[in-house]
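Below is one structure; the comments refer to it alone.
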Amino acid sequence: MNITVEGSEEYGNSIYGELFDRILIDLGLANRIEDVKMIIEPEKPLFLISVRMRQARTAVKVSDICSITPREGNTYMVINNESYAPALLALLWKQFGRDRIEQLTRLEVLTHGIPPEKLQDLTLDPGEELKKEVLDAIWRLLPEGFKTRHNLYSEKVMTIASTEHDMKPEFVKLAESVHQEMVAGRDLSGMETKVEDEEEEDEGGEP
Amino acid sequence: MYEVLMFDGGVYRINELFELVEDIGGFVIQKTQIQVMISITIAIPAEDRPAIEAKTRELGGKLIEVPLAGTEIAVVGPTLGRHHMPHPICDIAEHLRRYGAITVVMGLARGKGRQTAQITADEQAFIEEYDAAVFVLGNFKDCIMKEKIRLFEHIEIPVTVVCGPEITGLPNCEALVCGIGRKVERMRHAEEIAKLEETAQAVQDIVAVKKMEIDEDPLYVHPAEVKQRIENLEPVKQSLRPAPIVLHLNGLRVKVPFEETRELLSGVDVFGRRLGDISIISPSRLGGSTMIRILTKSQVASKDAKAAPPIGPKAEA
């Protein structure tokens with residue numbers, strides 16, 4: 001993961017780079033983010049962050065991740081891949097309501113009055129989940145008082161410009177240009193971030 | 001000047017220590033006994049410390065420095081949001097407690113942002129009830145120097161500011177500690193602990209200055225003496241709040257409702273005087289609490305002079 005911070009204050013830039021790295025590690029997102037660019041200009045005031053995510057897992061059909069068996073008008077499901085369990089349950093609750101979904105054990109689910117045909121073709125999209133988690137990480141980082149925001153989204157990149165009072169056209173333009181740069185993908189081969197350097201040093205220092 | 005120390009040892013012959021403290025004109029601030037072990041926080045005249053040290057050696061105990069004992073300190077953050085809490089505000093508060101202070105963590109209602117950051121008169125009055133305040137700010141010099149200084153501009157108690165960037169000087173504060181900015185994890189590395197130590201030292205220094213100022217015109221009685229006299233009152237004994245009596249440098253906070261107990265507190269006898277005559281008893285902004293501000297000797301003398309009937313030829317006429 002590469003984190004670049006530009007701005008008028010060197011100390012604040014380095015701290016915010018470390019902060020975001022720490023937040024991503026806490027949320028278990030460090031290996032799902034490819035590139036981060038921040039522009040911090042406290043005197044304007046402007047806080048801009050653009051995050052490029054790695055490819056999320058592709059959408060899967062429910063029939064691919066669990067075995068589905070009809071049982072007296074109901075459907076009995078056994079989840080094969082546990083990592084999908086929370087997303088599957090959330091999807092079932094949303095589609096059919098909590099009353100009709102009974103979780104028998106950690107990996108067994110009984111759906112009341114729902115035929116298997118209705119369940120087989122449902123799909124789970126982990127990409128949406130990832131976006132939500134990344135957004136949560138960004139909320140944790142954004143200065144609390146910067147309530148005026150301009151958001152730009154594309155499939156893999158999320159850019160948020162925030163300020164305290166008016167969102168000036170120059171901020172929006174800058175956000176758009178950074179967003180385009182991140183969508184196109186920056187050449188990271190020559191970049192060495194502080195965070196990566198530190199990790200390398202740590203590894204080298206171990207006996 | 002009084003010095004506050006903590007004795008840690010056994011209960012065997014402990015009465016000898018109590019008698020010595022009384023003989024040299026000191027006070028017991030707090031006493032905690034756990035089976036045969038006892039820790040006692042005492043306030044003693046600084047010049048008599050060798051006598052206490054000798055007695056401690058004789059009893060096989062040890063003396064611990066608690067320079068902030070008998071103080072209540074507010075650690076203030078811009079808001080209670082997760083951007084500022086729990087680190088580093090709670091880390092600083094916890095570290096100050098190790099030096100004997102009672103600490104209170106608070107967040108302002110609208111302290112976030114730059115130009116929008118503000119402190120209300122109510123919050124200011126609330127903070128001023130404490131002996132000292134620590135304001136914990138962020139990472140950007142421009143933001144701190146231009147905007148955030150307004151937060152503690154009119155605070156009348158000593159203020160220590162803690163912030164991230166290196167700043168040579170900041171107006172409106174008595175001490176400045178740089179190198180602690182926004183954090184999302186506990187301050188547990190060696191250099192971070194050194195910064196916590198630096199913060200504690202800065203607070204100790206400003207508290208020491210305040211103590212010296214108080215010594216120039218000493219209080220009529222030491223707050224610990226008032227504590228001894230009011231801790232056995234029924235409403236105080238019934239208070240279930242932690243630390244129902246908190247010592248301040250120039251008074252006490254008693255966690256009992258003002259309206260219901262003002263008469264009782266005013267009538268407490270202190271060296272033949274009513275407590276109400278030698279102190280100002282007022283409601284605390286902290287709900288259900290009462291503040292007792294002890295008057296200085298000169299204030300009491302001046303109050304007595306005003307109250308006494310006039311003497312001399314005019315009076316006789």
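The values are calculated or read from the model by the stated rules, or taken from the named source; none is laboratory data. Owing to the predicted nature of the structure, the values given are computational and were not obtained by experimental measurement. In this analysis, Cβ positions are derived from the backbone assuming ideal geometry, glycine residues included, and neighbour counts consider all displayed protein chains.
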Of the listed residues (B:Ala74, B:Ala69), the one being at pLDDT below 90, under 16 Å from the mean Cα position of the chain (by Cα) and among the hydrophobic types (A, V, I, L, M, F, W, C) is B:Ala69
Taking the residues in segment A:119-151 that are free of Cβ contacts under 8 Å to residues at least 12 places away in the same chain and away from chain B (no Cβ under 14 Å) as candidates, determine which candidate is nearest to A:Phe96 (Cα to Cα). A:Glu128
Filter segment B:139-180 down to the residues that are of a type in the set (Gly, Ala, Ser) and modelled with pLDDT of 90 or more, then identify the one that is farthest from A:Glu6 (Cα to Cα). B:Ala175
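Tell me, which strands (runs of 3 or more DSSP E) wholly within segment B:122-212 include 3 or more residues that are within 22 Å of the chain's Cα centre (by Cα) and within 14 Å of chain A (Cβ to nearest Cβ)?
none
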Are any residues in segment B:97-113 touching a strand residue (DSSP E or B) at 6+ places or on another chain (Cβ under 6 Å) and either hydroxyl-bearing (Ser, Thr, Tyr) or within 13 Å of chain A (Cβ to nearest Cβ) (or both), and if so, which ones? B:Thr103, B:Gly107
When you look at B:Thr116, is it within 11 Å of chain A (Cβ to nearest Cβ) and surrounded by fewer than 22 Cβ atoms within 10 Å (Cβ to Cβ), yes or no? yes
Which one of these is among the acidic types (Asp, Glu), more than 23 Å from A:Asn151 (Cβ to Cβ) and touching a helix residue (DSSP H, G or I) at 6+ places or on another chain (Cβ under 8 Å): A:Glu6, A:Glu18? A:Glu18
Please go through segment B:31-49 and give me each residue that is closer than 18 Å to B:Ile245 by Cβ and either free of Cβ contacts under 8 Å to residues at least 12 places away in the same chain or in contact with a Cys (Cβ under 9 Å, 6 or more places away or on another chain) (or both), ordered by number. B:Lys31, B:Thr32
Filtered residue count, segment A:20-42, keeping only those that are closer than 26 Å to A:Gly127 by Cβ, within 7 Å of chain B (Cβ to nearest Cβ) and crowded, with 21+ Cβ neighbours inside 10 Å: 0
Scan segment A:63-84 and report the pairs whose first residue is over 11 Å from A:Glu108 (Cβ atoms) and whose second residue is of a type in the set (A, V, I, L, M, F, W, C) and surrounded by fewer than 16 Cβ atoms within 10 Å (Cβ to Cβ), with Cβ atoms within less than 7 Å and a gap of 6+ or a chain change. A:Asn74/A:Leu110; A:Glu82/A:Leu107
Condition check: out of contact with any Asp or Glu (no Cβ under 7 Å at 6 or more places or on another chain) and at positive phi. Does B:Gly77 satisfy that? no
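Tell me which residues, restricted to segment B:82-91, are more than 17 Å from B:Lys148 (Cα to Cα) and either within 11 Å of chain A (Cβ to nearest Cβ) or without any contact (Cβ under 8 Å) to a residue 60 or more places away in the chain (or both).
Selection gives B:Arg82, B:Met85, B:Pro86, B:His87, B:Cys90.
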Residues in segment A:121-137: is at least one farther than 29 Å from A:Ile25 by Cα, at pLDDT 90 or above and in a loop (DSSP other than H, G, I, E, B)? no
Just to be sure before I move on: is A:Thr163 more than 21 Å from A:Glu18 (Cα to Cα), within 14 Å of chain B (Cβ to nearest Cβ) and either among the hydroxyl-bearing types (Ser, Thr, Tyr) or surrounded by fewer than 15 Cβ atoms within 10 Å (Cβ to Cβ) (or both) in the structure I sent? yes
Can you confirm whether segment B:129-147 contains a residue that is surrounded by 14 or more Cβ atoms within 10 Å (Cβ to Cβ) and free of Cβ contacts under 8 Å to residues at least 12 places away in the same chain? yes
